[in-house]
Amino acid sequence: MITHNTLVVVLGCAALGVAAGAVGCFALLRGRALLADAMGHAALPGVVAAALLGAWWDTDPRALPPLLIGGAVAGALGLWAVQALSATGRIRQDAAIAVVLASFYALGVVGLSVVQAMPAGAQAGLSHFILGQAATMRAEDAWAAGLLAAFCLASTVALFPRLRALCFDAEFAALQGLNIRRTDAALMGLILLVCIAGLPAVGLVLVVALLVLPAATARMLNQRLPGMFMASAALGGLSGVLGALLSAGHAGWPTGAAVVLVGTAFFVASLLLRRA
C-alpha cells in the first residue's frame, strides 16, 4: 500500500528525473557533465550564506526558496570562475573545474561549521544539501518539481534545433548565423536550474548523476538524437519512480542514492545489451 507521503516523493523524484534526463541529453553531448558537477558543489557556500542572512535578518534560515536562490547565485559564480580561469590559456578546463569545485566546496563546509554553532533550529536541514533527503519532500515540492520538468521539456523542445547544431557542429552552426554563446548560455542555465532543484532531493554529491546516467544510457540504446532525447527523459523519470519505491520499501535507504543506483543499473544493462 503506497501512502500519500510515498506518492508525493515518487511523483517528485519522477518529475526531477524527467527534467534531468531531458537537459542531461544535451549536457552530455556538449561535454558539460563536469561543469554540472562543479556548479553543484559550488552551490553549497551560497546555501550557507543564504541561511546566515536569514538568521541575521530574523527570518527563517531554513526557508527553501532563499536557500535555493543562494545556491543558484553561488553555482553561477562557480561557472564564471571556471570560464575565467580557462580563458587565461594557462589552465586547462578540467584543472579549472577541479580548482573551483574543491575551493567552493571547502568554503561551504567551513560555512556549514559556522552555521552549526548557531542555535539548533537554525542549521537543521542544511547538511541534507550534501547528500540529499528526498524522503522529506512535501506536496508543494513535488508540484515545483513538476513545473520544473514541464519548463525543461518545453525549453529543450523549443531550442532543439539550436541545441542539436551546438552539440554536433558548433563551428558550422556559427557560420549559418547561430549565436553560439547565447545558445550555450541557455543550456548552462538549464543545467544550473536542474542542479539547484536537485540539491534537496539527492544532494550536491549525486546531482550530476541525475544528468549523466539517463543520457549515457540513452546514448547506448539510440544513436539518433530525437530518440536519445526521449529515452533520456523517460529513463530519468523511471529511475526516479523505481528509486523512490525502493527507498520506501527499505527503511533507512536514502532516496537519492536509490534513484542513482537504479540509474546505474539501467546503464550497466545498456552496456551488456550493447555488447550482446
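If you put +1 on each Lys and Arg Cβ and -1 on each Asp and Glu Cβ, how big is the dipole of the range 4-275 around its Cα centre, in Debye rounded to 20? In debye, rounded to 20, the range 4-275 gives about 760.
For the range 102-198, the dipole from Cβ point charges (+1 on Lys and Arg, -1 on Asp and Glu) about the Cα centre works out to 100 debye, to the nearest 20.
Considering helices alone, the calculated mean residue ellipticity of the chain at 222 nm is -28500 deg cm²/dmol, with DSSP H runs of length four and up weighted by -39500 (n - 2.57) and normalised per residue.
Per residue, the convex hull spanned by the alpha carbons of the chain comes to 140 Å³.
Between ALA251 and ARG224, full extension at 0.36 nm per residue minus the direct alpha carbon distance yields a gain of 5.7 nm.
Sorting ASP94, ASP184 from the fewest to the most surrounding beta carbons within 10 angstrom yields ASP94, ASP184. The alpha-carbon positions of the range 136-222 define a convex hull whose volume is 113 Å³ per residue.
The slack between LEU159 and LEU272, meaning 0.36 nm per residue of separation minus the straight C-alpha distance, is 37.4 nm. In this calculation the C-beta distance from ALA63 to ILE2 is compared with R0 = 41 Å, giving a FRET efficiency of 0.90. Based on C-alpha pairs under 8 angstrom that are at least 6 apart in sequence, the range 4-275 has a relative contact order of 34 percent.
Projected onto its three principal axes, the C-alpha set of the range 44-103 covers 45, 15, 15 Å, listed from the longest axis down.
Quick note: the coordinates plus some simple rules give every number you see, no bench work behind them. Source: prediction; values computed, not measured. For neighbour counting, all protein chains shown are included, and Cβ atoms are generated from backbone atoms with ideal geometry for every residue, glycine included.
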